[in-house]
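Okay, structure first, notes after.
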Amino acid sequence: QVQLVESGGGLVQPGGSLRLSCAASGTIFNIGAMGWYRQAPGKQRDLVAMLPNGGSANYAESVKGRFTISRDYRNNTVYLQMNTLKPEDTAVYYCYSALQEHFRGDWSAYWGQGTQVTVSS
């Protein structure tokens, strides 16, 4: 069974930085895209950043120039470096991955449990 385990959330002051990590483990044959979504209270879950396997990163307009997504392909891990954080970045951040568990298996979407990021003075 596949698991995505996130870490790195917390409370930070405006202008501060945080780094989120997400490691995929379990029965994994192939991983495609890995990325991050976020959901603020009362709002829908929105894409923050996505990094296809071997491709270029995509970012939400609101985080461009402040957030950087990266991957450790050997360890099936994705990171989100968040700089110059703003109160409007406050949300639960969810890790996402599209992957195959077996050779010729279906591609499926997997989600982490979510990690809270709070930006407040």
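The values are calculated or read from the model by the stated rules, or taken from the named source; none is laboratory data. Since this is a predicted model, take the numbers as computed values, not measurements. FYI the Cβ positions are ideal-geometry reconstructions off the backbone, even for glycines, and counts take in every protein chain you see. For the accessible areas, the whole protein counts, side chains as well, though only heavy atoms, and no ligand, DNA or RNA atoms are used. Shrake-Rupley method; radii C 1.70, N 1.55, O 1.52, S 1.80 Å.
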Problem set entry | For the chain, accessible area per residue (1.4 Å probe, heavy atoms of protein chains only), Å² | 54 Å²
For this session: Please report the relative contact order for the stretch 23-91, taking Cα pairs under 8 Å with a sequence separation of at least 6, and give it as a percent rounded to a whole number.
Result: 29 percent
For this session: Please report the relative contact order for the chain, taking Cα pairs under 8 Å with a sequence separation of at least 6, and give it as a percent rounded to a whole number.
Result: 36 percent
Problem set entry | For the chain, alpha-carbon Rg relative to the globular expectation (2.2 N^0.38 Å, N residues) | 1.04
Problem set entry | Residues of the stretch 34-70 with amide N under 14 Å of the 7 Å Cα→Cβ point at residue 120 | 41
Exercise. Where in the stretch 58-72 is the amide nitrogen less than 20 Å from a point lying 7 Å along the Cα-to-Cβ axis of residue 107?
Worked result: 58-60, 70-72
Exercise. Projected area of the stretch 1-69, taken from the Cα convex hull and averaged over every viewing direction, in nm²?
Worked result: 6.0 nm²
Problem set entry | Cα centre as origin, Lys/Arg/Asp/Glu Cβ charges: the chain dipole, Debye | 160 debye
Exercise. Counting only protein heavy atoms, what percent of the accessible surface of the chain is carbon or sulfur at a 1.4 Å probe?
Worked result: 46 percent
Problem set entry | Size descriptor, Kirkwood hydrodynamic radius, that averages inverse alpha-carbon separations across the stretch 50-121, Å | 14.0 Å
Exercise. From the Cα gyration tensor of the stretch 42-81, with a ≥ b ≥ c the square roots of its eigenvalues, which class applies: rounded if a/c is under 1.5, or else prolate if a/b is larger than b/c, or else oblate?
Worked result: prolate
